[in-house]
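In what follows, a single structure is set out as structure tokens and then discussed.
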Amino acid sequence: MTRLDPRRVLEVERHFDEKTSGEVRGTLMHQFSMFGQSFGLGHAAGARTSVAGGVHSTAIRGMSDVHLNLASSTRHDLVGDALFALFETHDSAGYGDTLRVTALSNGAVVEWIHALVTQTAQKFGMDTHSGTTLQAYARRIAGHLAPADVSYLSDRLHLALAQEKRGEHPPQIFVEGVPSGRGAVVATSARIGSTDNLCIVPTALPSMWGRAVGDALAAAAPPKEITA
């Protein structure tokens, strides 16, 4: 957990997710021609009977022509913003330093959880009831478990900048995250003043998900008979 002074916020930026939707329409034309040849040989076996054999070969050649039109639009997801913030800090010797704090958007976290559930479904097998059920509920599970506090954290950092400009004293900010390079961290949770913790990425989810799936498998396994 890193303690940051909001009065030393150098820069705060939002990066909104983009969603592209559209449709493709067109026509497909196919022209083909067939070429063939045959060869036959007959032999009279009697006055009224004959025996014949033949060989026939055919080749089909064609050409396709496709005409497609694409109509799409890209819009920013105004509730799916990621965060970038730069803080002024001090190193162990007291010299000035910086700390870059980034936070994933809610959409990115949803995709991460969705991939976790989908991988579990594939491990069960898409030809099993468990696999197809998990795959069907993957999007709902991801939407239910993904936190949406990154937008609020971004708003509070902008408020801290405004309070500093007005000469006020904004509350302290505590950030917990994963190091992503020298002087950089990817935020996983945060706390502003004495408020509740803000969850950005549920880092405990993979282990909790693994225990839940393991307990379900153990409960579904048939009991083993122990014989002397």
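Counting just the residues of the range 93-119 that are under 24 Å from A146 (Cα atoms) and of a type in the set (S, T, N, Q), which one comes out surrounded by the fewest Cβ atoms within 10 Å (Cβ to Cβ)? Before you say what the answer is, go through the steps one by one.
First, pick out the residues of the range 93-119 that are under 24 Å from A146 (Cα atoms): 100-119.
When the remaining residues are screened for being of a type in the set (S, T, N, Q), the result is 102, 105-106, 118-119.
Numbers: T102: 18, S105: 23, N106: 22, T118: 16, Q119: 11.
Only one residue fits best here, namely Q119.
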Is one or more of the residues making up the range 145-168 assigned to a helix (DSSP H, G or I) and farther than 28 Å from T89 by Cα?
yes
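A quick yes/no check of all residues on (1) buried (at least 17 other Cβ atoms within 10 Å of the Cβ); (2) of a type in the set (A, V, I, L, M, F, W, C):
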| position | (1), (2) |
| --- | --- |
| S154 | yes, no |
| V185 | yes, yes |
| R211 | no, no |
| L217 | no, yes |
Assuming A218 fulfils every condition listed in (1) at pLDDT below 90; (2) touching a helix residue (DSSP H, G or I) at 6+ places or on another chain (Cβ under 7 Å) apart from one, which condition is it?
(2)
Restricting the first residue to the range 80-96 and requiring it to be among the hydrophobic types (A, V, I, L, M, F, W, C), which pairs with a second residue that is at pLDDT below 85 and not in a strand (DSSP E or B) meet a Cβ separation below 8 Å and a spacing of at least six or different chains?
F87/D5; F87/R8
Quick one: which of I141, I192 is touching a residue at least 12 places away in the same chain (Cβ under 8 Å), over 24 Å from T98 (Cβ atoms) and of a type outside the set (G, A, S)?
I141
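Here's the yes/no breakdown for (1) within 30 Å of G143 (Cα to Cα); (2) of a type in the set (D, E, K, R); (3) in a strand (DSSP E or B):
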| residue | (1), (2), (3) |
| --- | --- |
| N69 | no, no, yes |
| S92 | no, no, no |
| L99 | no, no, yes |
| V109 | yes, no, no |
| K123 | yes, yes, no |
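The values are calculated or read from the model by the stated rules, or taken from the named source; none is laboratory data. Given the structure is predicted, the values throughout are model-derived calculations rather than measurements. Positions of Cβ are backbone-derived with ideal geometry, glycine not excepted, and every protein chain shown enters the neighbour counts.
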